[in-house]
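Only one structure is covered here, and it is reproduced in the block below.
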Amino acid sequence: MRRRTCLLLALALTGALLASSAADGRSTTSPSLVVSQVYAGGGNSGASYTNDFVELLNPGSTSVDLSGWTVQYATATGTSWQTTALAGTVQAGHYYLVQLASGGTPGAALPTSDATGTTNLAASGGKIALVHDTVALTCGATAGSCSTVAAVADLVGYGSATAYEGSGGAPALDATTAAVRNAAGCTDSDDNTADFTAAPPSPRTSASTGATCGTGTTSGHSSQGTAVAVDVEPALAIAVERSSLNFGSAVVGSTPTSVSDHVTVTSNDTAGYALTVSRTAFSPADLPLAISGSGPAGTQLAAPLSGNALVRIPVPPAGDQLVGSTTHASAAGGDTWLTSIGFAAAIPSVPAGHYTATVTFTVIGQ
């Protein structure tokens with residue numbers, strides 16, 4: 001398929017103000033653990049990572065011993081919860097990564113996790129609970145139904161979930177987005193809709209750089225995070241050195257000197273591309289127009305052009321002449337093919353006049 005496209009950047013910025021609440025019984029001066037990120041597309045087609053994961057954050061000022069804690073999951077409308085046991089300690093301001101199941105092989109491996117489980121999360125909707133108990137929950141049929149369970153330290157309903165904190169759930173997820181708690185995990189207004197944003201997954205572990213959350217003390221210091229995303233579109237572009245070539249005056253039996261017409265190809269397709277050339281017939285009579293050239297480093301010049309040979313440029317319906325190809329993306333500034341346009345033979349016996357034709361270079365994604 002022939003493509004000529006431009007590089008487009010779509011910058012999406014999302015942010016939220018730092019907030020805190022004691023509505024679920026957590027202290028505003030020493031918050032409990034929170035769920036800071038949920039990714040449910042692990043191993044699916046086009047996935048960013050091979051495994052689902054839940055990320056936790058300790059936004060408080062003291063460490064938390066995870067003995068007897070579990071991360072639990074229920075489907076969007078379900079009340080049967082699957083549990084994953086936690087262990088170890090989460091230091092103040094640090095994250096904790098729980099690796100879960102995989103839907104297949106696509107995606108990158110997660111960083112070394114702090115805990116592992118076998119739960120498979122649904123991207124369209126589900127419920128994640130952080131529970132200071134090992135007993136599976138039975139709540140979750142309706143919004144607010146888990147709020148009276150004292151062991152539930154945090155609850156995130158996303159997508160089509162029937163239970164969540166606050167006015168609504170976090171966004172539905174897919175293979176390349178996670179529900180990310182705003183302000184690097186520090187925002188906690190007890191409202192999933194306000195606290196979470198759909199953003200590219202970025203798993204953090206206990207070894208990652210920690211977060212600095214406001215703790216209600218007079219430290220003279222606070223932090224706010226902003227999720228940043230950019231979508232880089234496929235690019236395939238071509239530019240020629242000259243918009244026109246003029247060989248000047250020539251007489252029958254002479255061979256005009258070739259003229260350079262270097263071609264620069266820009267492509268971010270890691271599969272590479274092919275560069276071809278064709279032309280229209282000269283009018284009022286055809287002339288033996290030809291091309292020679294060489295390719296940049298890392299490319300393959302078509303065999304007929306090797307040794308700086310002049311190769312006749314075909315006229316449709318004949319197929320294009322391959323100039324060269326590559327099996328990787330172009331250099332950052334583009335690949336420049338050093339082509340020259342000339343004549344494969346002397347000017348034949350044709351009537352005097354002004355002769356014109358058009359040469360077309362085409363770049364084709366592999």
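A few comments on the model shown:
- The stretch 310-324, subset of a type in the set (Gly, Ala, Ser) and surrounded by fewer than 18 Cβ atoms within 10 Å (Cβ to Cβ), residue nearest to Gly253 (Cα to Cα): Ala318
- Within the stretch 192-244, considering residues that are outside any loop (DSSP other than H, G, I, E, B), of a type outside the set (Val, Ile, Thr) and modelled with pLDDT under 90, the one farthest from Val54 (Cα to Cα): Asp231
- Within the stretch 244-284, considering residues that are small (Gly, Ala, Ser) and touching a strand residue (DSSP E or B) at 6+ places or on another chain (Cβ under 8 Å), the one farthest from Val350 (Cα to Cα): Ala271
- Residues of the stretch 271-290 that are buried (at least 16 other Cβ atoms within 10 Å of the Cβ), over 21 Å from Leu236 (Cβ atoms) and in contact (Cβ under 8 Å) with a residue 60 or more places away in the chain: Arg279, Phe282, Leu287, Pro288, Leu289.
- Any hit, the stretch 197-209, residues being over 24 Å from Leu110 (Cβ atoms) and either surrounded by 15 or more Cβ atoms within 10 Å (Cβ to Cβ) or without any contact (Cβ under 8 Å) to a residue 24 or more places away in the chain (or both): no
- Wholly enclosed strands (runs of 3 or more DSSP E) of the stretch 63-115 bearing at least 3 residues farther than 14 Å from Leu155 by Cα, basic (Lys, Arg) and free of Cβ contacts under 8 Å to residues at least 60 places away in the same chain: none
Matching residues to (1) touching a Cys at 6+ places or on another chain (Cβ under 9 Å); (2) polar (S, T, N, Q):
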site: Pro106; (1), (2): no, no
site: Ser124; (1), (2): no, yes
site: Ala129; (1), (2): yes, no
site: Ser147; (1), (2): yes, yes
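- Of everything listed in (1) closer than 23 Å to Thr212 by Cα; (2) surrounded by 16 or more Cβ atoms within 10 Å (Cβ to Cβ); (3) not small (Gly, Ala, Ser), the single unmet condition for Asn51 is (1).
- Applying the condition of being touching a residue at least 40 places away in the same chain (Cβ under 8 Å) and hydroxyl-bearing (Ser, Thr, Tyr) to the stretch 291-309 and asking which residue is surrounded by the fewest Cβ atoms within 10 Å (Cβ to Cβ) yields Ser294.
- So Thr326, is it in contact with a Gly (Cβ under 6 Å, 6 or more places away or on another chain) and modelled with pLDDT of 95 or more: yes
- Every pair of residues 6+ apart whose Cβ atoms lie under 8 Å, when the first sits in the stretch 132-158 and is of a type in the set (Asp, Glu) while the second is not in a loop (DSSP other than H, G, I, E, B): Asp133/Thr70; Asp154/Val34; Asp154/Val35; Asp154/Ala129; Asp154/Leu130
The values are calculated or read from the model by the stated rules, or taken from the named source; none is laboratory data. No experiment lies behind these values; they were computed from the predicted model shown. With ideal geometry, Cβ positions are generated from the backbone for all residues, glycine too; neighbour counts draw on all protein chains shown.
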